[in-house]
Every structure is written in structure tokens, then in C-alpha cells.
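Taking it in order: structure first as C-alpha cells, then the write-up.
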Amino acid sequence: MVVDVPSIKLSNGQDMPILGLGTYARKPEPGQVLNSVRWAIDAGYRHIDTATVYKNEAEVGEAISEKIDQGVVKREQLFVTTKLWNDKHARSDVLPTLKESLAKLRLDYVDLYLVHWPVSVNDKGEDLAIDHLDTWKGMEEVLALGLTKAIGVSNFNEEQLERLLKEATVKPVVNQVEINPTLTQHKLVRFCQERSVVPVAYTPLGLVSDARPEFAGLDVIKTDPKLGGLADKYGKTRAQVALRYLTQRNIPVLPKSFTKSRIEQNIDIFDFTLTDDEMALVDGYNIDHRCVPSKAFAHLKNYPF
Ligand SMILES: NC(=O)c1ccc[n+]([C@@H]2O[C@H](COP(=O)([O-])OP(=O)(O)OC[C@H]3O[C@@H](n4cnc5c(N)ncnc54)[C@H](OP(=O)(O)O)[C@@H]3O)[C@@H](O)[C@H]2O)c1
């Protein structure tokens, strides 16, 4: 079964499929990303999220070109995002860095290029604290060259985003941040949506995923019979309810899986609708818990949290 995924309009008029495949893993086996992107495209995913720092752009690119060659998908039907890492925030680094990503991805352009974090460091780990407005000039340049269709940010807090929105010539179309049932982010989501910046949810399964043993002890959401009952009512899993909850808030989601059955499960969320009471139930799991606090950046001037 190939699922047709609805899209959300970005402020530049582009359509972003509201569900995309996340591709990050700390130590993937060779071929895992390649296979997951193949399975995802076969299942109907048209949106893929990668980043330079994931070191998987070559596998993502191989899967995409294979699926294009097989006639499964056309380039213009895909929405591919990649991200600028923290050691390349100098304005003059943006163009060569994106060109390297494009070569690995085997693409002429990406659909969205993001500043991955608001922090900037050199290869010794020293804080460069490069002004976001300088980096953004580089982002506007690659946009003007047609190497990306849109530019945006990730992990920016309200203050950082507000400053950029005020000063930038081209506004960021998205802010990709962690959002899930245990980190509902209502305030930041409202802030973004009121300014026509689409908040995109990374780590959308958060503590719902049973594949994250590191969070044992914070797992009421995995055991609470109320959520189990809700999933059973619709013949879905807890993970599917979490993804549905986010997309019903008009938040695009990027679940990652290397498991074929889960890749297929995670896209199968568009044939049921949670009621207002059920949305409130999922909201009630919020504990403002960050799965991705990135404490390694906590000493840097522009650390966002
Ligand atoms: N911008 C940023 O700074 C940033 C930060 C973090 C993540 N991201 C992006 O967001 C994507 C998703 O975030 P994430 O990878 O941290 O977390 P996630 O997608 O919320 O969770 C991934 C975990 O959930 C498991 N899983 C997937 N589907 C499942 C299901 N239906 N039932 C139970 N478990 C399931 C996966 O296991 P298996 O793979 O074993 O199936 C994996 O261990 C990343 O891959 C990346 O593309 C961006």
C-alpha cells in the first residue's frame, strides 16, 4: 500500500509533506540508511530529513537516485532537507558546504537547507559565536543561486528567531525543533505559527518509542492504559497516535526508523482523527522533557535552551 501524505504550505508557497523520514543514528550499520530510504519511498514517503553531521547523505542520495531511475518517483515529487553544521557558520563557508552535500546527495538542489543549531564552534570545540545574521547572508546566497528552494533554522529559541525575522531579507520558512507528547512545546509552536514559520517536529516519538531503553523510568506514556485504550480504539499503536497528535496540530513530523514494518506503520496515520478530548489526553503527557538537550553545547554563548 502506498500512502498519500498531505502537505503543509510554507511561507514561500512551497508544499512540504507533513510526514518525512528521519535518518539520524549514532552508529548506523552501512546500508541501514540506504535501505530505510528505499523502503520509505516505496511506502509513499516523499520527504527525507538528513544533515551533513549525520554522515549519511551519500546513502540517502544513492537510494533517491535508485528510486528515480526505477521510475518509482520523480525528483520534483521529493522534498529533501539537509543542514549546515556548527563549524560552517562563516558566511563564506555556506556555499561550498552545501555544494559538498549536493554532490553526496547526487542532487542539483535541496528543497530545504537549515542552520542546524544556533551555536557555532571551530574544530577545537571553541565558541565562535558567529552572528546568525552573517550565517543567514550565506543562506540567502545559496537560495538565490537555486541550490536550495527554501532556507530555515533548527533549534532556535524565540529570541533568536525573532531577531532573525526582524533583520533577514528572506524569512526562515521553518524552525525544526524537538516536539512530542512529553515535550509539547505549545508556547514555541504558537510563537512560530503566529509568525508564519512552520514548526517541524524532530524526535516526534520521544518517550513513546519502546526502542529507547535509555529513557526507562520516564516511560509512563508507554504503559498508561488510557493511551493504550486510545490506540486500540483506532486499531493503531501508541507511536501512531503520537504522530497523529502532532500532525493534527499542523506540525510536520520526522519519525526515524531503520525497521521496514515501522517505516510503513509510521506513515499509516492519515485514516483516523483524534477528538478534542483525545488531543487533550495526549497533551496531558507533557513533562517538558528534552530527549535532545545537547548538553555538549551548554557552555556556548548561543546555546538555545
Ligand atoms: N534538527 C535537529 O537537531 C535534530 C535532532 C534530532 C533528530 N532530528 C531529526 O529527526 C529525526 C527523528 O528523531 P529521532 O531519530 O531522534 O527520534 P524518533 O524518530 O522520535 O525515534 C526514533 C526511535 O524510535 C524507534 N521507532 C520508530 N518507529 C517506531 C514505532 N512505530 N514504534 C516504536 N518505536 C519506533 C526507532 O527504532 P528503529 O529505528 O530501530 O525502528 C528509533 O529508535 C532524526 O532521525 C533526524 O532526522 C533532528
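The values are calculated or read from the model by the stated rules, or taken from the named source; none is laboratory data. Small disclaimer: the values here were computed from a predicted structure and weren't measured. Cβ: placed from backbone, ideal geometry, glycine included. Neighbour counts: every protein chain shown. These area figures cover heavy atoms from the full protein model, side chains too; ligands, DNA and RNA do not enter into them. Shrake-Rupley method; radii C 1.70, N 1.55, O 1.52, S 1.80 Å.
Rounded to the nearest 0.05, what FRET efficiency do Arg190 and Ala211 have when you use their Cβ-Cβ distance and R0 = 30 Å? Approximately 0.45, to the nearest 0.05. Within the assembled protein chains, the solvent-accessible surface assigned to Thr259 is about 60 Å², based on a 1.4 Å probe. Only Cα pairs within less than 10 Å get springs; with that Gaussian network setup on the chain, which residue of Asn175, Asn56, Asn12 has the largest fluctuation? Judging by the Gaussian network model, the answer is Asn12. Between Lys233 and Asp69, the modelled labels are 4.8 nm apart [label points 7 Å from Cα along Cα→Cβ].
Ranking Arg190, Arg26 by solvent-accessible area of protein heavy atoms (1.4 Å probe, all protein chains present), from largest to smallest, gives Arg26, Arg190. Measuring only protein heavy atoms, the 1.4 Å probe finds His116 accessible over about 10 Å².
Over the chain, dividing the summed -39,500 (n - 2.57) contributions of all DSSP H runs of at least 4 residues by the number of residues returns a 222 nm mean residue ellipticity of -11000 deg cm²/dmol. Rolling a 1.4 Å probe over the protein chains gives Thr275 an accessible area of about 60 Å².
Rounded to a whole number of µm²/s, how large is the Stokes-Einstein D of the stretch 7-203 at 37 °C and 0.692 mPa s, given Rh as the Kirkwood radius over C-alpha pairs? Answer, rounded: 192 µm²/s. Counted residue by residue at 0.36 nm each, then reduced by the alpha carbon distance between them, the extension gain from Ser92 to Glu158 reaches 21.1 nm. In this simple spin-label model, placing a label point 7 Å from the Cα along the Cα-to-Cβ direction at both Asp276 and Tyr109 gives a separation of 4.2 nm. Once backbone amide H atoms are built at 1.01 Å from N, Ile151 has Tyr113, Val173 as its partners under 5 Å, excluding neighbours fewer than 5 places away on the same chain. What residue among Ser101, Ser209, Ser294 has the largest mean-square fluctuation in a Gaussian network model of the chain, using Cα springs under 10 Å? Of Ser101, Ser209, Ser294, the most mobile in the Gaussian network model is Ser294. Within the straight-line cut-off of under 19 Å between alpha carbons, the lysines reachable from Lys9 are Lys149, Lys171, sequence neighbours fewer than 8 places apart in one chain being disregarded. The length gained on full extension between Asp127 and Lys301, counted as 0.36 nm times the residue separation minus their Cα-Cα distance, comes to 61.9 nm.
Note on Thr169 and Val220: the extension gain reaches 13.9 nm, defined as 0.36 nm multiplied by sequence separation minus the Cα-Cα distance.
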